[in-house]
Amino acid sequence: MMKKLSLYNTHDSLNAKMIDYAGFYMPVQYEGVIAEHLSVRNNVGVFDVSHMGEIFINGEGARAFLQFITSNDINKLVKGKVQYSCLPNLDGGIVDDILVYMLSNNSFMLVVNASNINKDLAWLNTHNSYNCTINNKSDSYSLLAVQGPQSLDLLKELTNTDIQELKYYTFLIGNIADINNVIISRTGYTGELGFELYVLNESILDLWNSLFKTKINITPIGLAARNTLRLEKGFCLYGNDINDQTSPLEAGLGWITKLSTNFINSKNLLKQKDDGLEKELVGFEVLDKGIARKDYKVFDNDKNLIGIVTSGTMSPSLNKAIGMAYVDILFSNINQEILIEVRNKFILAKIILLPFVD
């Protein structure tokens with residue numbers, strides 16, 4: 001059975017188009033993708049992303065456990081900092097990409113993709129030889145992402161907590177709209193100034209309503225605009241651009257793959273780096289008419305198959321078709337022209353530097 005978010009009735013009352021996403025009824029759009037996208041780029045919008053999972057890791061061995069099971073360097077974390085990382089598998093791929101929150105020396109919160117909650121739990125439990133306590137609290141927490149240039153001004157109307165000084169990828173626990181113990185995180189999936197707010201389910205409706213009572217006009221945003229916003233910034237989406245078969249090095253995630261540390265499959269990833277990559281995730285813009293979608297095939301000018309599209313859309317900010325694809329390393333240079341097969345015809349595209357939008 002599909003799960004309903006705590007705010008399901010609220011989204012329904014706003015005439016949101018609801019779809020099945022990762023086993024949840026999720027709002028895919030309200031007013032429309034372009035309008036919602038531009039609201040975030042130019043003003044401020046709120047996403048209900050309560051489908052995301054929250055898994056808490058506690059115990060004296062928690063830091064050592066996370067150092068072993070994640071690709072980034074956990075020792076760089078201090079209380080109040082967030083780290084983007086991934087869970088490498090034994091075959092060179094990625095179990096999931098995650099956020100790691102350091103709550104205290106022996107307490108961490110992992111934020112995981114909704115479709116991977118059970119898989120991640122099984123993976124964590126299988127490799128927990130560090131006597132850690134692993135608690136899945138995903139069904140207890142809701143999450144709102146307030147994103148856009150006016151997000152800070154909006155939230156300052158609702159809190160006395162000093163969020164002005166929060167730097168990117170840091171967090172604090174404070175009060176917003178008379179709701180205590182809100183995890184206020186200076187993170188997001190849009191590339192804009194923004195915050196992610198974690199609260200218990202019983203407080204989410206009050207938080208949502210409070211956001212819409214400030215002097216600043218805020219827009220509800222659906223999954224469709226969330227996708228166009230993240231793609232313009234070149235952010236990977238699990239299940240599209242990264243998965244169990246894709247190497248974090250191939251995906252351009254070498255910056256979260258600290259090969260100087262010892263983690264699951266790190267030796268094989270180091271060998272892959274030393275030997276040289278065979279393929280690479282690149283960004284491209286379409287030069288002809290047409291939009292390249294996930295799983296469309298990529299060819300060189302001689303129509304030899306060289307790769308596959310992982311994400312593609314029409315960019316509302318640029319008004320042009322963009323996307324990402326894995327291509328043979330020999331064809332991954334900036335300005336390299338490629339052909340993409342769209343409905344039995346070839347359209348011309350060009351590899352460009354990520355992100356698409358600064």
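The values are calculated or read from the model by the stated rules, or taken from the named source; none is laboratory data. For clarity, every value in this text was computed on a predicted model and none was experimentally measured. When we count neighbours, we look across all protein chains shown, and the Cβ atoms used for this are built from the backbone with ideal geometry, even at glycine.
Scanning the stretch 161-177 for residues that are at positive phi and either free of Cβ contacts under 8 Å to residues at least 12 places away in the same chain or under 18 Å from the mean Cα position of the chain (by Cα) (or both) returns a single hit, Tyr169. Within this structure, Pro149 passes the test of being closer than 28 Å to Glu165 by Cα and either in contact (Cβ under 8 Å) with a residue 60 or more places away in the chain or out of contact with any helix residue (DSSP H, G or I) (no Cβ under 7 Å at 6 or more places or on another chain) (or both). Of all residues in the stretch 244-266, those satisfying the criterion of being assigned to a helix (DSSP H, G or I) and not polar (S, T, N, Q) are Gly254, Trp255, Ile256.
To keep it simple, each residue is scored yes or no on (1) under 17 Å from the mean Cα position of the chain (by Cα); (2) in the same structural domain as Val44 (by TED's automatic domain parsing).
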{"site": "Glu192", "(1), (2)": "yes, yes"}
{"site": "Asp206", "(1), (2)": "no, yes"}
{"site": "Asn209", "(1), (2)": "no, yes"}
{"site": "Ala225", "(1), (2)": "yes, yes"}
{"site": "Asn240", "(1), (2)": "yes, no"}
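Mind checking whether some residue in the stretch 335-348 is under 25 Å from the mean Cα position of the chain (by Cα) and crowded, with 18+ Cβ neighbours inside 10 Å? No; the residues of the stretch 335-348 include none that is under 25 Å from the mean Cα position of the chain (by Cα) and crowded, with 18+ Cβ neighbours inside 10 Å. Can you find even one residue in the stretch 289-306 that is of a type in the set (S, T, N, Q), touching an Asp or Glu at 6+ places or on another chain (Cβ under 8 Å) and at pLDDT 95 or above? Within the stretch 289-306, one or more residues are of a type in the set (S, T, N, Q), touching an Asp or Glu at 6+ places or on another chain (Cβ under 8 Å) and at pLDDT 95 or above.
Scanning the stretch 57-98 for residues that are part of a strand (DSSP E or B), touching a Ser or Thr at 6+ places or on another chain (Cβ under 7 Å) and not β-branched (Val, Ile, Thr) returns Asn58, Lys81, Ser85, Cys86, Leu87, Pro88.
Scanning the stretch 99-128 for residues that are free of Cβ contacts under 8 Å to residues at least 60 places away in the same chain and in a loop (DSSP other than H, G, I, E, B) yields Asn105, Asn106. Counting just the residues of the stretch 1-50 that are assigned to a helix (DSSP H, G or I) and among the charged types (D, E, K, R), which one comes out farthest from Thr228 (Cα to Cα)? The qualifying residue farthest from Thr228 (Cα to Cα) is Asp12. The set of residues from the stretch 137-196 being surrounded by 14 or more Cβ atoms within 10 Å (Cβ to Cβ) and modelled with pLDDT under 95 comprises just one member, Thr161. If you check Val28, Val46, Val40, Val33 for being surrounded by fewer than 20 Cβ atoms within 10 Å (Cβ to Cβ), closer than 30 Å to Leu318 by Cβ, in the same structural domain as Pro149 (by TED's automatic domain parsing) and modelled with pLDDT of 95 or more, only one passes: Val28.
Out of Gly307, Gly290, one residue alone is without any contact (Cβ under 8 Å) to a residue 60 or more places away in the chain, surrounded by 15 or more Cβ atoms within 10 Å (Cβ to Cβ) and under 24 Å from Ala35 (Cβ atoms). It is Gly290.
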